[in-house]
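The values are calculated or read from the model by the stated rules, or taken from the named source; none is laboratory data. This one's a predicted model, so the numbers in the text were calculated from it and none came from an experiment. Here the Cβ is made from the backbone with ideal geometry for all residues, glycine too, and neighbour counts use every protein chain on show.
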Protein chains: 2
Amino acid sequence: MSENKTVLYSYWRSSCSWRVRVALAYKKIKYEYKAIHLLKDGGQQKTEEYSKINPMKAIPTLEIDGHIIGQSLAILEYLEETHPENPLMPNGAYERAIARQMMQIIGSDIQPLQNLKILGLVGQYSGDEAKKAEWARTIITNGFNGLEKLLEKHSGKFCVGDSVSFADLCLPAQVYNANRFNVDMTPYPNITRVNQYLLTIPEFIEALPQNQPDAEPQC
Amino acid sequence: MSENKTVLYSYWRSSCSWRVRVALAYKKIKYEYKAIHLLKDGGQQKTEEYSKINPMKAIPTLEIDGHIIGQSLAILEYLEETHPENPLMPNGAYERAIARQMMQIIGSDIQPLQNLKILGLVGQYSGDEAKKAEWARTIITNGFNGLEKLLEKHSGKFCVGDSVSFADLCLPAQVYNANRFNVDMTPYPNITRVNQYLLTIPEFIEALPQNQPDAEPQC
């Protein structure tokens, strides 16, 4: 690990890596992209070499300033603290709290409950592969029901008013997953509107799965 | 909601409420405890009245400074920002990142995957109530395997060196759950040691489930 090199261990379709890619784009931090394929070779995140970098055997991991940091939401906070230019959080403490409340709804109550590993367990426990999509829809719908109410109250162009926040960084990947699992988005006009706006912003476009070096042709 | 009254909506055995109770004790913030029984009446968190306060229909919720904030980890950050006395995070940005990495392992990768709601789904999907404890053990073991490695490297008396951090606030409830599900703690000497130390600290003792006004006799 070099003191000065910034390296992101990422997978093009990983929701959690996606959040960090948006942050790095906003902060204008140049980095080396190291692809960790979550499926190939039984999951490259499970190798002994990688698990020394990230003992949860998960992505993303960021090497920066001579440090190694895992867990996407911890990385976002670190980047905001150490690179305050181009802020990714609103000014007021209450507005920041609401942004983190939304971020944690996605980051604790939705995404981890419907990721690859958990859906694998669901398939195993139910003995029915078809149940995986049903489980994912249940989880996403439950989370979006709460998130939509918060957006109804607090959103402007972005999730919290008219400036970008951590909540926005987490939103596009979650809507992308909702679409993959055919979640009916009709009850979520605010989520849909904010997400559509985000996807017009260069930093968000740069972070899209299809714009990563390890992107694969979509099936 | 009064501008000046602090109210915590909590349940004595809720892991996420527990974290916030420790923080409020450290910050010496007096508050009114409003019990939300997660099982009684089909779950008091699901009432229309409560869901207006917390649209995720989850606890904790904190009313403070005239605001309403949900999601425990967002509440911790708000308390630390607005009440910097008796700090709950270390000084260095890297140390804070590691504390948040540990906090997110518990708060995203363990707790939400083995809470009451998800175990209900597991019972439903597997058609076997006995599978719930097995699922919980799988989840906790997976998370503790990663967390132990981080503690091996970074812990002192506390999770990160010798001062308290958000990571510590999340630990006791997760170890308590591990014990409830009979997780073998032998592979986790650092988790066990730090947790035992935490449970000697007055602020952590005050936050214990059995010391809450809605505590029930243990079976």
Going through region B:180-207 one residue at a time, which ones are closer than 21 Å to B:Asp162 by Cα, exposed (fewer than 15 other Cβ atoms within 10 Å of the Cβ) and polar (S, T, N, Q)? B:Gln196, B:Thr200
If you go through B:Ile75, B:Ile68, B:Ile59, the only one that is in contact with a strand residue (DSSP E or B) (Cβ under 7 Å, 6 or more places away or on another chain) and surrounded by fewer than 21 Cβ atoms within 10 Å (Cβ to Cβ) is B:Ile68
Tell me, which residue of region A:99-117 that is surrounded by fewer than 21 Cβ atoms within 10 Å (Cβ to Cβ) and at the interface with chain B (Cβ under 10 Å from one of its Cβ atoms) is farthest from A:Ser17 (Cα to Cα)? A:Lys117
Conditions (1) touching a residue at least 24 places away in the same chain (Cβ under 8 Å); (2) at the interface with chain A (Cβ under 9 Å from one of its Cβ atoms); (3) touching a Gly at 6+ places or on another chain (Cβ under 7 Å); number of the one not met by B:Arg96: (3)
When only residues in region A:138-156 that are more than 25 Å from B:Gly120 (Cα to Cα) and touching a Lys or Arg at 6+ places or on another chain (Cβ under 9 Å) count, which is surrounded by the most Cβ atoms within 10 Å (Cβ to Cβ)? A:Leu151
Would it be correct to say that A:Ile105 is in contact (Cβ under 8 Å) with a residue 40 or more places away in the chain, assigned by TED's automatic domain parsing to the domain that holds A:Ala167, touching a strand residue (DSSP E or B) at 6+ places or on another chain (Cβ under 9 Å) and of a type outside the set (Gly, Ala, Ser)? yes
Could you list all residues from region B:1-47 that are among the acidic types (Asp, Glu) and either modelled with pLDDT under 95 or crowded, with 18+ Cβ neighbours inside 10 Å (or both)? B:Glu3, B:Asp41
Within region A:125-137, can one find any residue that is polar (S, T, N, Q) and crowded, with 16+ Cβ neighbours inside 10 Å? yes
Which one is nearest to the chain's Cα centre (by Cα) among residues in region A:48-62 that are over 19 Å from A:Ala25 (Cβ atoms) and at the interface with chain B (Cβ under 10 Å from one of its Cβ atoms)? A:Ala58
I'm told A:Thr82 meets every condition in (1) hydroxyl-bearing (Ser, Thr, Tyr); (2) without any contact (Cβ under 8 Å) to a residue 24 or more places away in the chain; (3) within 30 Å of B:Trp135 (Cα to Cα) except one. Can you identify the failing condition by its number? (3)
Evaluation of B:Ala23 against (1) of a type outside the set (Phe, Trp, Tyr); (2) part of a helix (DSSP H, G or I); (3) facing chain A (nearest Cβ under 9 Å) (one fails), failing number: (3)
Search result, residues across region A:141-163 that are β-branched (Val, Ile, Thr) and either within 19 Å of B:Leu116 (Cβ to Cβ) or out of contact with any helix residue (DSSP H, G or I) (no Cβ under 7 Å at 6 or more places or on another chain) (or both): A:Thr141
Criterion: closer than 18 Å to A:Ala173 by Cβ and in contact with a Lys or Arg (Cβ under 8 Å, 6 or more places away or on another chain) - qualifying residue of A:Leu39, A:Leu62, A:Leu73: A:Leu73
Any pair with Cβ under 8 angstrom, 6 or more apart, that starts in region B:112-136 at a residue that is modelled with pLDDT under 90 and ends at one that is small (Gly, Ala, Ser): B:Glu129/B:Gly123
Whichever residue in region B:185-208 is assigned to a helix (DSSP H, G or I), hydrophobic (A, V, I, L, M, F, W, C) and in contact (Cβ under 8 Å) with a residue 40 or more places away in the chain and, among such residues, is farthest from B:Leu147 (Cα to Cα): B:Phe204
Restricting to region A:63-74, give me the number of residues that are within 9 Å of chain B (Cβ to nearest Cβ) and closer than 20 Å to B:Glu148 by Cα. 7
Do you know which residues across region B:144-184 are under 25 Å from B:Pro202 (Cβ atoms), within 13 Å of chain A (Cβ to nearest Cβ), assigned to a helix (DSSP H, G or I) and of a type outside the set (A, V, I, L, M)? B:His154, B:Phe166, B:Cys170
